[in-house]
Amino acid sequence: MKRAISLKGILVFNFIIVILITILFSGMNLFYKNKLGKKAAEIDYSGRQIADMKAAIADSEAHLNIFLRSASNDELMKFYNSSALISECLGNLAPVISKDHDLLLYSRIISQINESREDYLNQHFVNLQSEDGTALFQDIQHMTFTSSELNKNFYNLANAFITVNNQSLEEMQRSYFTFYYRQFFILLSFFLLYSLFFILFIRSLVKTLREVTDTANQLSFKQWNTGDIKPSRFRELNSVAVAFNQMRGEIIRYLDKLKHTLESERILHEHELEFARHKELINESRYRMLQMQINPHFIFNTLNMIIRMVQCGEKDTAAILLKSTSDLLRNSIEIKEACISLSRELLLLDSYLTILKERVEDRVTISLEIGDIDRSFEIPPFTIQPLVENSVKHGLAYVTHDGIINIRLEQYEDHILITVEDNGNGCDQQMFDDILSGESDLGIGIRNIQERLRLLYEKDDVVRITSSITSGTRVAVKIYRRD
């Protein structure tokens, strides 16, 4: 048998996978954006260097022309500074220039022209001017030619930079779209695989719940020979299946035992009529108590409601209802004593109310008032639950909204008073008196509680019912302290 897995573990695992996928793709996006940002910054830096070089070339020509006309040493120094700036810009662009043949060619020509102008001035500075202080014609003609070549090669360099940058931008755009298309298809593939896994997971879960529901439905029609529910792949549902199988076994064993007991009582009835009557009442009370604990219709309706919640995606609520149902089933099997502590009875009531509140939804409000009472006080098991169910089933059956059920526990010197009151459709007081006296076939649940408590405490004032058509019904039950 395969090891059962936990529903909680599956949900946590899937949550972690989603987080890891999100972190992975976020990191990839961030890395790619940084890469694109660096490329864009490189292009921007190259553009600014080209602009600085253009300005430096223009300044060098202006200072050179002024120097040739005036022979000013200041203009000569400014010319040298502009030439140095041109060389500096070429040096800053060296990493980009080295990647392209045309850029490398034009940059070398510009560098050589720039250096030749400086060398020409250094070599002919003394003879550069005529006696009247103006430059000689052949010198002006030479410097004009070199400046013209410098500008021509600079524009060739700038155009080559534009071509290279355009190619880089196109490459970045292609790379950008390729990256995001791949990312999209990876995410789409992951989503499809994840959806397939989720569908298979839900189908397996619903299959197990449906098997439990079908078995409960068969039990509700007294088909006790149905097979055991097969173990589930999920640990939480395995607990429900085990409890359900144990419950079915207990029902069958109890019915077999009941058949033998009734047969024995039938024989004894001929000889001890009075004793047989009490014996039959005790057995009937025990049977009714077990029947109220494990009512198959109640289980069937609850499991159907859980299936609908799972199909609608209300997994948290479905998990709570599964736990409450499991607690009721387990306690219905484990409780063998005639009395249990009040604290345990309240835990059973809490599990029952958790399920009941989902069934009645917003049409009924249920309140529980517990005073300062001794929670170790002993009480017959499943005493409060039938009183609440009676209010929902009869008193509030036709109430569509604003229904109220108040449950109140108060402690007195020798007993605890349990009161269940509703604002539903009451009935004639005489009808309840007939129910408690046994003259009416209705109200078997309440009369069963009364007979159980009378047998246990040997007192008659254990159950009291007050009702009217306009104000609802109030059921008060006394639980006496046992010695």
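Annotations
- Here the simple spin-label model places points 7 Å from the Cα toward Cβ, and for R235 and Q167 these points are separated by 6.2 nm.
- Point-charge dipole on Cβ atoms (K/R +1, D/E -1) for segment 7-194, about Cα centre, debye to 20: 1620
- Placing dummy labels 7 Å off each Cα toward the beta-carbon, the span from I66 to D350 is 9.4 nm.
- In order through segment 192-197: 3J(HN,Hα) via Karplus (6.51 cos²θ - 1.76 cosθ + 1.60), integer Hz, x for Gly, Pro: 5, 5, 5, 5, 4, 4
- Other-chain or far-sequence residues with amide H under 5 Å of I340's (modelled H): I379
- Each residue of segment 254-259 was assigned a 3J(HN,Hα) from its phi angle through the Karplus curve 6.51 cos²θ - 1.76 cosθ + 1.60 (θ = phi - 60°); the sequence is 5, 5, 4, 5, 5, 4 Hz, with glycine and proline shown as x.
- Partner lysines whose Cα lies under 28 Å from the Cα of K257, excluding those fewer than 8 positions away in the same chain, are identified as K222, K230, K279, K336.
- With Cα atoms defining each centre, segment 147-183 and segment 1-64 are spaced 20 Å apart in the structure.
- Residue separation of E410 and T317 scaled by 0.36 nm, minus their Cα-Cα distance, works out to 30.3 nm of gained length.
- Cβ charges +1 (Lys, Arg) and -1 (Asp, Glu), total dipole of segment 1-116, debye: 1380
- The stretch between D461 and I373, if pulled fully straight at 0.36 nm per residue, gains 29.6 nm over its current Cα-Cα span.
- 5 angstrom amide H check on I373, placed H, neighbours 5+ away: none
- Counting 0.36 nm for each residue step from S471 to L24 and taking away their Cα separation leaves a gain of 154.4 nm.
- Segment 99-117 and segment 400-430 have Cα centres spaced 102 Å apart.
Here, each number is a calculation from the coordinates, and none is a lab measurement. Keep in mind it's a predicted model, so treat the numbers as computed, not measured. Note that each Cβ is placed from the backbone with ideal geometry, even for glycine, and that neighbours are counted across all protein chains shown.
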